[in-house]
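Here the structure is laid out as structure tokens; the discussion comes afterwards.
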Amino acid sequence: MTTAAAEPSRIIKTGSRGVPNTLSEFSALLHTVRDAGLLRRSKRFYGITFGVITTAMVAAWFGFALLHDTWYLLLIAGVLGVLFTQYAFITHELSHRQVFESGKLNDFSGRIMADLVVGISYSWWMSKHSRHHANPNTIDKDPDVDTDFIVFHPEAAAGLTGVAKFMAHRQGFLFFPVLLLEGINLHRHAFKTVFSKGRVDKRALEIVLLTVRNVGYVTVIFTFMPLGMAFAFLGVQLAIFGLYMGASFAPNHIGMPILARDSKVDFLRRQVLTSRNIRSGHVMNHFMGGLNYQIEHHLFPSMARPHLRRAGEIVREYCQAKGILYTEVGLPTAYGSVVSYLNEVGRSTDPFDCPAAGRGGYNGIAG
């Protein structure tokens, strides 16, 4: 079924007898999607999209030169924050082999885009995001629900005290303001990764690319702008970048079912039940870089962005026939669910009483 608003909170029990013929269920869906030609690459789409973003980037730097020494430059900073996020969306799609047939070409292009253009580590992203896709919303397996400043499940909030407890109780309201710092966090993770002792693919190359991009970018800003204006410019750009990135990824899974670390859930239900789609058209598809079709993206990670809408129609109908909950809501509703869910989790509220569940929110899937 499709949810646009209310669904009851529930624990979904699964086991060896819980869901029959699960492999054949997904296989049938995969064949339908493949037969519809929706797994083919779309290099033309990505070429045009990259061209438009790059043209806008060149125009922004021309604006930077023309508005030299005026506070209107902060508008350019905001534009750069948006454009770097758009490049990050393409990087995400390259990492999923959506653009080129060749895996090596996707990886090479993705590393150049991530490290040299956006200024984040491709290796860090690949490691983190691959683990997320394998076990979305699974405790101790999905790094996206690991406790950081935000806690994503009641067990993580239960032992908090003092300031941490005070902040957790209000984390839903703090979530979006904190995203203004996410841009700094992404760059921090990049350098932390490439200089860590762990294995990093193409470590030397990433160190060079990240250094050239980030040091060069900061040098240009502080060379051609007064000191105070340069700090303001960099702050606005990083704030918009972090907010846009975080606000695009947040609705995908936050407030959707959390799986126990030992849960036994088949691939089809694991990906569908833990993901939330955003009801949208072509504009939203570009604005969110295809992340608005999160269910289809998780089922078919290599599917190019232009095919997600048609795939969504097929998957929605298939889930309805199988009685699998398919969650699709408007963006304001999704953001409301995120805020409500995080507040309730921060208060260690019993999932069965969590109001966010009424908007496609939690709750647990027990193995």
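Exactly one condition in (1) surrounded by 17 or more Cβ atoms within 10 Å (Cβ to Cβ); (2) at pLDDT below 90 is not met by ALA190; state its number.
(2)
List pairs: first in segment 193-218 and farther than 26 Å from ALA230 by Cα, second surrounded by fewer than 13 Cβ atoms within 10 Å (Cβ to Cβ) and hydrophobic (A, V, I, L, M, F, W, C), Cβ under 7 Å, 6+ apart or cross-chain?
Note: no pairs meet the criteria.
Evaluate the following for LEU243: is it crowded, with 20+ Cβ neighbours inside 10 Å and under 23 Å from MET126 (Cβ atoms)?
So LEU243 does not fit the description; no.
Have a look at GLU328, GLU296 and point out the one that is buried (at least 17 other Cβ atoms within 10 Å of the Cβ) and free of Cβ contacts under 8 Å to residues at least 40 places away in the same chain.
Matching residue, one of GLU328, GLU296: GLU296.
Determine the pairs where a residue that is over 17 Å from THR85 (Cα atoms), located within segment 229-240, has a partner that is part of a helix (DSSP H, G or I) with Cβ atoms under 8 Å apart, the partner being 6 or more residues away or on another chain.
Taking only residues 6 or more apart or on different chains, the pairs are MET229/LEU73; ALA230/ILE221; ALA230/PHE222; ALA232/LEU74; ALA232/ALA77.
So which residues in segment 269-284 are in contact (Cβ under 8 Å) with a residue 40 or more places away in the chain and part of a helix (DSSP H, G or I)?
Of everything in segment 269-284, those that are in contact (Cβ under 8 Å) with a residue 40 or more places away in the chain and part of a helix (DSSP H, G or I) turn out to be ARG269, ARG270, GLN271, VAL272, LEU273, MET284.
One line per residue, one yes/no per condition, for (1) over 18 Å from LEU186 (Cα atoms); (2) touching a Gly at 6+ places or on another chain (Cβ under 8 Å); (3) touching a residue at least 12 places away in the same chain (Cβ under 8 Å):
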{"site": "ALA65", "(1), (2), (3)": "yes, no, no"}
{"site": "LEU83", "(1), (2), (3)": "no, no, yes"}
{"site": "HIS92", "(1), (2), (3)": "no, yes, yes"}
{"site": "GLY103", "(1), (2), (3)": "yes, no, no"}
{"site": "ALA164", "(1), (2), (3)": "yes, no, no"}
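Which residue is nearest to the chain's Cα centre (by Cα), if the candidates are limited to segment 252-269 and must be closer than 22 Å to GLU155 by Cβ and of a type outside the set (A, V, I, L, M)?
Result: ASN252.
Only residues that are under 21 Å from the mean Cα position of the chain (by Cα) and over 19 Å from HIS297 (Cβ atoms): list them for segment 318-334, please.
PRO332, THR333
Yes or no: THR49 in a helix (DSSP H, G or I), of a type outside the set (Gly, Ala, Ser) and surrounded by fewer than 17 Cβ atoms within 10 Å (Cβ to Cβ)?
So THR49 fails the test.
What's the number of the condition GLU296 fails, among (1) modelled with pLDDT of 95 or more; (2) in the same structural domain as GLN171 (by TED's automatic domain parsing); (3) touching a helix residue (DSSP H, G or I) at 6+ places or on another chain (Cβ under 9 Å)?
Looking at each condition in turn, GLU296 falls short on (2).
Count, please, the residues in segment 63-79 that happen to be surrounded by fewer than 21 Cβ atoms within 10 Å (Cβ to Cβ), assigned to a helix (DSSP H, G or I) and of a type in the set (A, V, I, L, M, F, W, C). Steps first, answer last, please.
Step one: filter segment 63-79 for residues surrounded by fewer than 21 Cβ atoms within 10 Å (Cβ to Cβ), giving 63-72, 74-75, 78-79.
Checking which are assigned to a helix (DSSP H, G or I) leaves us with 63-66, 74-75, 78-79.
Among the residues that remain, those that are also of a type in the set (A, V, I, L, M, F, W, C) are: 64-66, 74-75, 79.
Matching residues across segment 63-79 total 6.
Please state which of the following conditions ILE184 fails to meet, knowing it meets all the rest: (1) among the aliphatic types (A, V, I, L, M); (2) in the same structural domain as ILE120 (by TED's automatic domain parsing); (3) surrounded by 17 or more Cβ atoms within 10 Å (Cβ to Cβ); (4) touching a residue at least 24 places away in the same chain (Cβ under 8 Å).
In the conditions (1) among the aliphatic types (A, V, I, L, M); (2) in the same structural domain as ILE120 (by TED's automatic domain parsing); (3) surrounded by 17 or more Cβ atoms within 10 Å (Cβ to Cβ); (4) touching a residue at least 24 places away in the same chain (Cβ under 8 Å), ILE184 misses (3) alone.
Any residue at all in segment 156-166 that's in contact with a helix residue (DSSP H, G or I) (Cβ under 6 Å, 6 or more places away or on another chain) and surrounded by fewer than 17 Cβ atoms within 10 Å (Cβ to Cβ)?
No, the conditions are met nowhere in segment 156-166.
Kindly check whether there is at least one residue in segment 213-231 that is in the same structural domain as TYR72 (by TED's automatic domain parsing) and among the basic types (Lys, Arg).
Looking for residues that are in the same structural domain as TYR72 (by TED's automatic domain parsing) and among the basic types (Lys, Arg), one finds at least one in segment 213-231, hence yes.
May I ask you to verify whether ASP142 is assigned by TED's automatic domain parsing to the domain that holds ALA168, touching a helix residue (DSSP H, G or I) at 6+ places or on another chain (Cβ under 6 Å), buried (at least 22 other Cβ atoms within 10 Å of the Cβ) and more than 24 Å from ILE53 (Cα to Cα)?
Details: assigned by TED's automatic domain parsing to the domain that holds ALA168: yes; touching a helix residue (DSSP H, G or I) at 6+ places or on another chain (Cβ under 6 Å): yes; buried (at least 22 other Cβ atoms within 10 Å of the Cβ): yes; more than 24 Å from ILE53 (Cα to Cα): yes.
For ASP142, the condition - assigned by TED's automatic domain parsing to the domain that holds ALA168, touching a helix residue (DSSP H, G or I) at 6+ places or on another chain (Cβ under 6 Å), buried (at least 22 other Cβ atoms within 10 Å of the Cβ) and more than 24 Å from ILE53 (Cα to Cα) - is met.
The values are calculated or read from the model by the stated rules, or taken from the named source; none is laboratory data. For clarity, every value in this text was computed on a predicted model and none was experimentally measured. Neighbour counts are summed over all protein chains in view; Cβ atoms, including those assigned to glycine, are modelled from backbone coordinates with ideal geometry.
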